[in-house]
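First comes the structure, then the notes that go with it.
The values are calculated or read from the model by the stated rules, or taken from the named source; none is laboratory data. Keep in mind it's a predicted model, so treat the numbers as computed, not measured. Because the Cβ atoms are built from the backbone with ideal geometry, glycine has one as well, and the counts that use them run over all protein chains shown.
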Number of protein chains: 2
Amino acid sequence: MIAELISTGSELLLGQVVNTNAQYISARLAELGIHLFFQTTVGDNRVRMEKALSTALGRADIVITTGGLGPTLGDITKEVSSGVFGRTLELHEESLKRIQAVFAYRGLKMTENNIRQAMIPQGAIVLPNNRGTAPGVVMEEGNKIIINLPGPPYEMQGMFEDAAVPYLTAKYGLKQVIYSRVLRCFGLGESSLEEEIKDLLKQQSNPTIALLAREREIHIRLTALADDVAQADSMLGSLEEVIRTRIGQYIFAVNEDTLAKVAGNLLVERKCTVACAESCTGGMIAAMFTDVPGSSAYFVQGVVTYTNEAKIKLLKVKEHTISRQGAVSEQTAREMAEGVRSLAGTDVGLSVTGIAGPGGATEAKPVGLVYIGVAMPDSTSVYKYVFSGDRSSIRLYAAKTALDLLRRNLLGAGT
Amino acid sequence: MIAELISTGSELLLGQVVNTNAQYISARLAELGIHLFFQTTVGDNRVRMEKALSTALGRADIVITTGGLGPTLGDITKEVSSGVFGRTLELHEESLKRIQAVFAYRGLKMTENNIRQAMIPQGAIVLPNNRGTAPGVVMEEGNKIIINLPGPPYEMQGMFEDAAVPYLTAKYGLKQVIYSRVLRCFGLGESSLEEEIKDLLKQQSNPTIALLAREREIHIRLTALADDVAQADSMLGSLEEVIRTRIGQYIFAVNEDTLAKVAGNLLVERKCTVACAESCTGGMIAAMFTDVPGSSAYFVQGVVTYTNEAKIKLLKVKEHTISRQGAVSEQTAREMAEGVRSLAGTDVGLSVTGIAGPGGATEAKPVGLVYIGVAMPDSTSVYKYVFSGDRSSIRLYAAKTALDLLRRNLLGAGT
């Protein structure tokens, strides 16, 4: 089956709202095993909407529209859709009663134009709206189907799940299972990663493999189409194993976990506590740690020592370390990590010092130069990087790299 | 002029990402006075992308694509676009040098596939990418134009503003000036704000008024169409003045500045320094302060005292304050603010303690309860809130509220 999506509404063409409906429906169709090759957005214009519908019906089995089911004169989706199939609208008494009941319940007077919402194409299947007034519609004509869903995301999602999915499942006897697994990678670029698994990407069919760069991570999404969950699981497992032999060290989590969550889990497993001292990341690492519910079990303290004075006074970084080697240096990172470990009395101390820019660079120390220190109970390691990007990007990369180094050190792997 | 937008990328068809690029470009085209009747999304598939481009060129003057300029084999937008105009790609030496320089600067090895990014359609205008490696492209053929922009929103926005808008303005002699001003508000809900300026929203025409809720802020975007900048400026100024008489105290910035930047500017003006002590926000306030270049001039130190021990040891919060009134209490917030002020030797101390959830609530202290302390040289104020939402949302609201309270205290307004 091939579906196509038409989002209607001039507010989308004017950029006044983001089209989250397109994402929601697309993701759900992929999971149902229904292909989607085009999404189109069109305004509340009869001629252009008709054109979009005809084009979509020419290349897809199922055309799903969102929006334009409201009471105003600009809401024309049902009218145009029924016209494409040569039908007219007629009053649907049951829907009218439902709409009247909703207004009565809210203690509001129902205006004349709300009756428009109860007008339904001849011979259509009505999809009830449990979260609003406008009913949805399914029209079948030969082997083509049009489904009209409402525009407000909350109403649309409810109707999609409660009525459209059951309809599609029954109609097409969808019994295959679509199952996904996301391998979250950090520490190598998209093109390097692609180089490592080029052959797998080329020969992919089922499971499929998709690479997605997101906030300096790369997510590898594996999707299997199978007869049941166990089969899908085994297909995904085999492919994951092959990928792990190539780039296993960069995979920090499967599916949802963040770097901070994974590092936190390792700390809990090893009964370790951590504290961090941040300069250029300025609190981002602490914020990532504490974004995880229950992080108070292992995250004891964070300090943001933005000035030299704070580094010296609070973390006991030696004055001559800063004066001779600078605040951004291997030795300062080392003393910060050891200093915060001792200040907070934790098992592990994590530190970051660097130049996030745009100012602060010298010839020897460019923007993006970052030192990260990991003070473990038995030894301290310091790592040097030169990150690219703007200030925010450098800070984000540095914070995530620190968490990844903590993870690797806890795994006993170093870098 | 009529434009059409084609978003490329299988990740969009699979619903893995929301298409924010479509909204951004659509909004900007509306401001430029360029019509947009269709947005299409298509995957990384040669045949279907070609079809989408041909269809778009059949009904629009300008076709703008986003995505598919990367180094991988799936990145085919330039290739397909040039094919539609019967052209081939050729190596653009200048772009290659730029890409090589980026890799050299990062100390990374450039892989073979990155050369793809420097391949440019014959006779095309190259749009430089100041925020990434992939250059963009403009191709003119008769009275039709194709513009290829990158997919990552940060890169796309930079290239659109720096290169595409100047190109379009020059090409079409857009001589009316579209000029916008964004009033950034914090501390009141969207519906309350709407209520305050309902009449202005209803009677708007030029300038237009749009409300946009973003990360717990509300941005009021005023857009004027005028003959020149001076005229636009005066139109926007008059409207801003009217809005300020209604909700002036909630407007913390005009256009780009963040709450942290505004608070930082006030600290600089008043020659004050600040330090912060965070519990439930866990470093977010420090991260917001230090996201501003040059913040080291006033942001001296941050501490994340997630445990009671850290609050007592580092900030000198009294043990009996915590044992009697609890770590989430007015008195603890007060002592944390005063404690960090004294620890760091700053003029101002800022503190947050609260329950971000999902755990940690009691009958008397619900999830969302947050105390914020502001220790000024002459007195300390503590503010109590109960924020709604999930953990991330409560933390974000608490952090921004702390910065807003600092701003209000520096302005001498309190809350």
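Any chance the range A:10-22 includes a residue that's in contact with a helix residue (DSSP H, G or I) (Cβ under 7 Å, 6 or more places away or on another chain), within 18 Å of B:A56 (Cβ to Cβ) and in a strand (DSSP E or B)? Scanning the range A:10-22 turns up no residue that is in contact with a helix residue (DSSP H, G or I) (Cβ under 7 Å, 6 or more places away or on another chain), within 18 Å of B:A56 (Cβ to Cβ) and in a strand (DSSP E or B). Considering each residue of the range B:320-328 in turn, at least one proves to be at positive phi and either modelled with pLDDT of 95 or more or not aromatic (F, W, Y) (or both). In the set A:A297, A:A327, only one residue is farther than 22 Å from A:R395 by Cα, in contact with a helix residue (DSSP H, G or I) (Cβ under 9 Å, 6 or more places away or on another chain) and within 14 Å of chain B (Cβ to nearest Cβ); that residue is A:A297. Within the range B:308-324, the set of residues being surrounded by fewer than 18 Cβ atoms within 10 Å (Cβ to Cβ) and either small (G, A, S) or at the interface with chain A (Cβ under 7 Å from one of its Cβ atoms) (or both) comprises B:S323 only.
Considering B:R395, B:R407, B:R391, the condition of being touching a residue at least 12 places away in the same chain (Cβ under 8 Å) and touching a Phe, Trp or Tyr at 6+ places or on another chain (Cβ under 8 Å) is satisfied by B:R407 alone. Here is the figure for the range B:187-200: residues that are under 25 Å from B:R28 (Cβ atoms) and at pLDDT 85 or above total 2. Restricting attention to the range A:149-180, the residues that are in a loop (DSSP other than H, G, I, E, B) and touching a strand residue (DSSP E or B) at 6+ places or on another chain (Cβ under 9 Å) total 3. Of the residues making up the range B:202-238, those that are under 24 Å from the mean Cα position of the chain (by Cα) and in a helix (DSSP H, G or I) number 3. If the condition is being over 15 Å from B:C272 (Cβ atoms) and buried (at least 21 other Cβ atoms within 10 Å of the Cβ), then the range B:293-305 contributes B:G302, B:V303, B:V304, B:T305. Exactly one of (1) under 19 Å from B:R341 (Cβ atoms); (2) free of Cβ contacts under 8 Å to residues at least 12 places away in the same chain; (3) small (G, A, S) is unmet by B:A375. Its number? So B:A375 meets the others, but not (2).
The sole residue among A:S296, A:S342 that is of a type in the set (S, T, Y) and modelled with pLDDT under 95 is A:S296.
Taking the numbered list (1) within 26 Å of A:Y172 (Cβ to Cβ); (2) more than 9 Å from chain B (Cβ to nearest Cβ) in turn, A:D44 passes all entries but (1).
For the range B:271-281, the criterion of being closer than 25 Å to B:E215 by Cβ, in a loop (DSSP other than H, G, I, E, B) and within 8 Å of chain A (Cβ to nearest Cβ) is met by at least one residue.
Restricting A:L149, A:L174 to those that are within 24 Å of A:G9 (Cα to Cα) and either of a type outside the set (F, W, Y) or assigned by TED's automatic domain parsing to the domain that holds A:S26 (or both) reduces the list to A:L149. Within the range A:25-41, restricting attention to residues that are of a type in the set (A, V, I, L, M, F, W, C) and either more than 20 Å from A:E140 (Cβ to Cβ) or in contact (Cβ under 8 Å) with a residue 40 or more places away in the chain (or both), which residue is nearest to the other protein chains (Cβ to nearest Cβ)? That would be A:A27. Strands (runs of 3 or more DSSP E) fully within the range A:308-401 that include at least 1 residues being within 22 Å of B:T305 (Cα to Cα) and of a type in the set (A, V, I, L, M, F, W, C): A:348-354, A:369-375. Taking each residue of the range A:88-113 that is in contact (Cβ under 8 Å) with a residue 12 or more places away in the chain and in the same structural domain as A:P71 (by TED's automatic domain parsing) and looking for partners that are part of a loop (DSSP other than H, G, I, E, B) and of a type in the set (S, T, Y) with beta-carbon atoms closer than 6 Å, six or more apart or interchain, yields A:I99/A:T133; A:V102/A:T133. Among the candidates A:S82, A:S54, A:S26, the residue that is at pLDDT 95 or above, small (G, A, S) and buried (at least 18 other Cβ atoms within 10 Å of the Cβ) is uniquely A:S82. Report yes if B:L96 is out of contact with any Cys (no Cβ under 6 Å at 6 or more places or on another chain), facing another protein chain (nearest Cβ under 8 Å) and among the hydrophobic types (A, V, I, L, M, F, W, C), otherwise no. Here the answer is no, as B:L96 does not meet what is asked. I'd like the full set of residues that are surrounded by 15 or more Cβ atoms within 10 Å (Cβ to Cβ), away from every other protein chain (no Cβ under 12 Å) and farther than 15 Å from A:G237 by Cα, limited to the range A:185-218. Across the range A:185-218, the qualifying residues are A:C185, A:F186, A:G187, A:E217.
Check the range A:219-231 and report whether any residue there is modelled with pLDDT of 85 or more and surrounded by fewer than 17 Cβ atoms within 10 Å (Cβ to Cβ). There is at least one residue in the range A:219-231 that is modelled with pLDDT of 85 or more and surrounded by fewer than 17 Cβ atoms within 10 Å (Cβ to Cβ). Among residues of the range A:358-393 being within 11 Å of another protein chain (Cβ to nearest Cβ) and among the aliphatic types (A, V, I, L, M), the one that is surrounded by the fewest Cβ atoms within 10 Å (Cβ to Cβ) is A:V386. In the set A:T65, A:T55, A:T8, A:T20, only one residue is at the interface with chain B (Cβ under 8 Å from one of its Cβ atoms) and under 26 Å from the mean Cα position of the chain (by Cα); that residue is A:T20.
In the range A:369-388, the count of residues that are more than 30 Å from A:E269 (Cα to Cα) and at pLDDT 95 or above is one or more.
Listed by first and then second residue, the pairs with beta-carbon distance under 8 Å, at least 6 apart or on different chains, first residue in the range A:115-128 and within 16 Å of A:V84 (Cβ to Cβ), second crowded, with 23+ Cβ neighbours inside 10 Å and not charged (D, E, K, R), are A:I120/A:P135; A:I120/A:V137; A:P121/A:S81; A:P121/A:S82; A:P121/A:V137; A:Q122/A:S82; A:A124/A:S82; A:A124/A:V137. Restricted to the range A:69-104, and to residues there that are of a type in the set (D, E, K, R) and within 14 Å of A:M49 (Cα to Cα), the residue that is farthest from the chain's Cα centre (by Cα) is A:E79.
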